[in-house]
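Here the structure is laid out as structure tokens; the discussion comes afterwards.
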Amino acid sequence: MPPKLSLYNDYESTVQFISNIRAIALGQRRRVWLDFDETTQIGPAAMLVLLAEIYRCRKIEANAARVTGSYPADKKLERDLQDAGFYKLLDVRNRLPDQNPSGQTEYIPFVTGTKTVGEVADGLQKALLGPTIHMRPDLSSKLYRGLTEAMTNVVQHAYPPDAPGPRRFKSRWWLVGHIDKQKQQLMVMLFDQGVGIPKTLPKNYNAELITAMLGSLGIITPRHAEFIQAAMALGRSKTKDEHRGRGLQDLRSFVDNAGTGSLTIFSSRGQFEYRAGGKESLTNHDKSLGGTLIEWTVPLAALENVSNGD
Amino acid sequence: MKTQKTINLALQFSRFPGGRFNTDGEFNGEKFREKFLKPALDENKSIVVELDGTAGYGSSFLEEAFGGLVRELHMDPADLERRMTLVSNDKSLISEIWEYIKAAK
């Protein structure tokens, strides 16, 4: 395995590596052994995409060859993998104690489903923040809003009937939560292996509307990141299909209410980042992620009630 | 016809509403509209919907539950305004729902 897996710092090599797992286990039906000896770091977003791929190979695709792996030499990485549910997924024992010695949860085990399950969205933040951090009620409800809408988007749009893949694969999402202790921030990520926003956008809006929106954004030759940006903008617009277009808009409300942090959407070859305050940035990659990953990142300090002081 | 009915969404339906259609998830907007809002509006002169106490709401749930009264059941927004009272500490939530109702013609 590569020394580091990260969608932010090493996108192409990370996506290539994860794609290789599928190509070998599913395409060639050869056994995959993940050797973590040289690996010291897996970013949270890459972790979720990796977990989803292994889940697919081990739990969904009946014809996949076995995927398993070693324990990493790096203890921090072993802790991260264990806490995120990696070894449980591989059906091997956790070597470290259940409780993180630091006392603070850094990962909660990934969750997967095929419906909009509000209880999961609510449980994630409670499990992640523990009894000591009480998220502001408005932020808690906005994170709930974003997560349930993201799940609904997966169920309704991510896997159209003509999409490849076995039937029991349809509508599936994977969810993980992470506390980055170093940066003191909360990260929540939802991933699906669907066809991606650049493909679903033309099915949800007519071509004239998309063209007009791209034009209003000053985009002449749209690539995948620009299609994600257009999808977000169309969610804000008043159209005759307005009642179906607000889901993506809901994704922003958590960082908007926090007044800080970011929403990042990776979909197919595109990467779209929205920062609280309105700044947007776009990146286009060579390789497709093979789905859509939505990540919310908000500083821990912004989550709690600020005392008025007395 | 009875006089008034109060529906507490969190207590009578779910603390965890989410999704638009029955195919999206168990506690979706279509289900709340058909099982709670429609019968209550059919059988009562007025209804009160208490919205607090849930973990939150997504726009798909709200639009389908309340906007769907107009779009799917062809109820009159002005009549709904007279007969339905929404209660929440979050005033933006109430405004949002009325926006969906008025936009759903």
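Tabulated data for the structure shown
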| quantity | calculated |
| --- | --- |
| Output for the stretch A:209-232, where each listed residue is assigned to a helix (DSSP H, G or I) and not aliphatic (A, V, I, L, M) | A:211, A:215, A:216, A:224, A:226, A:227, A:229 |
| Residue check, residue B:47 under 13 Å from the mean Cα position of the chain (by Cα), more than 24 Å from residue A:157 (Cβ to Cβ), modelled with pLDDT of 95 or more and part of a helix (DSSP H, G or I) | no |
| Helices (runs of 4 or more DSSP H) within the stretch B:64-105 that include 2 or more residues within 14 Å of chain A (Cβ to nearest Cβ) and either aliphatic (A, V, I, L, M) or closer than 16 Å to residue B:40 by Cα (or both) | B:68-71, B:91-103 |
| Hits in the stretch A:93-110 (condition: in contact with a strand residue (DSSP E or B) (Cβ under 7 Å, 6 or more places away or on another chain) and either part of a loop (DSSP other than H, G, I, E, B) or over 30 Å from residue A:165 (Cβ atoms) (or both)) | A:104, A:105, A:106 |
| Among the residues listed as A:12, A:78, A:38, A:61, the single one being more than 26 Å from residue A:182 (Cβ to Cβ) and of a type in the set (Asp, Glu) | A:61 |
| Residue B:53 being more than 13 Å from the chain's Cα centre (by Cα), closer than 20 Å to residue A:235 by Cβ and part of a loop (DSSP other than H, G, I, E, B) | no |
| Residue count, the stretch A:127-137 (criterion: closer than 16 Å to residue A:297 by Cα and assigned to a helix (DSSP H, G or I)) | 2 |
| Residue A:172 being within 14 Å of chain B (Cβ to nearest Cβ), over 16 Å from the mean Cα position of the chain (by Cα) and in contact (Cβ under 8 Å) with a residue 24 or more places away in the chain | no |
| Residue within the stretch A:164-187 that is out of contact with any Leu (no Cβ under 8 Å at 6 or more places or on another chain), of a type outside the set (Lys, Arg), within 27 Å of residue A:8 (Cβ to Cβ) and exposed (fewer than 15 other Cβ atoms within 10 Å of the Cβ) present | yes |
| All strands (runs of 3 or more DSSP E) inside the stretch A:245-310 with 1 or more residues being in the same structural domain as residue A:156 (by TED's automatic domain parsing), buried (at least 22 other Cβ atoms within 10 Å of the Cβ) and at pLDDT 95 or above | A:262-267, A:270-275, A:292-299 |
| Residue tally, condition in contact (Cβ under 8 Å) with a residue 60 or more places away in the chain and small (Gly, Ala, Ser), over the stretch A:175-227 | 3 |
| Within the stretch A:79-93, considering residues that are free of Cβ contacts under 8 Å to residues at least 24 places away in the same chain and buried (at least 16 other Cβ atoms within 10 Å of the Cβ), the one farthest from residue A:130 (Cα to Cα) | A:87 |
| Among (1) in contact with a Ser or Thr (Cβ under 8 Å, 6 or more places away or on another chain); (2) part of a helix (DSSP H, G or I); (3) under 18 Å from residue A:290 (Cα atoms) - the single one residue A:20 does not satisfy | (1) |
| Residue in the stretch A:107-117 that is of a type in the set (S, T, N, Q) and buried (at least 18 other Cβ atoms within 10 Å of the Cβ) present | yes |
| Complete set of residues in the stretch A:33-80 that are of a type in the set (Gly, Ala, Ser) and not in a helix (DSSP H, G or I) | A:43, A:62, A:64, A:65, A:69, A:70, A:73 |
| Yes/no for residue A:131 being surrounded by fewer than 21 Cβ atoms within 10 Å (Cβ to Cβ), more than 12 Å from chain B (Cβ to nearest Cβ) and under 20 Å from residue A:195 (Cα atoms) | no |
| Flag for residue A:125 being more than 14 Å from the chain's Cα centre (by Cα), over 27 Å from residue A:198 (Cβ atoms), within 11 Å of another protein chain (Cβ to nearest Cβ) and surrounded by 20 or more Cβ atoms within 10 Å (Cβ to Cβ) | yes |
| Hey, residue B:46 touching a helix residue (DSSP H, G or I) at 6+ places or on another chain (Cβ under 8 Å) and within 14 Å of chain A (Cβ to nearest Cβ) or not | no |
| Residues of the stretch A:1-17 that turn out to be assigned to a helix (DSSP H, G or I), touching a residue at least 40 places away in the same chain (Cβ under 8 Å) and within 16 Å of the chain's Cα centre (by Cα), as a count | 2 |
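Matching residues to (1) in the same structural domain as residue A:270 (by TED's automatic domain parsing); (2) hydrophobic (A, V, I, L, M, F, W, C); (3) surrounded by 21 or more Cβ atoms within 10 Å (Cβ to Cβ); (4) more than 19 Å from residue A:112 (Cα to Cα):
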{"site": "A:25", "(1), (2), (3), (4)": "no, yes, yes, yes"}
{"site": "A:56", "(1), (2), (3), (4)": "no, no, yes, no"}
{"site": "A:62", "(1), (2), (3), (4)": "no, yes, no, no"}
{"site": "A:69", "(1), (2), (3), (4)": "no, no, no, yes"}
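The values are calculated or read from the model by the stated rules, or taken from the named source; none is laboratory data. None of the values given here were measured: they were computed from a predicted structure. Because the Cβ atoms are built from the backbone with ideal geometry, glycine has one as well, and the counts that use them run over all protein chains shown.
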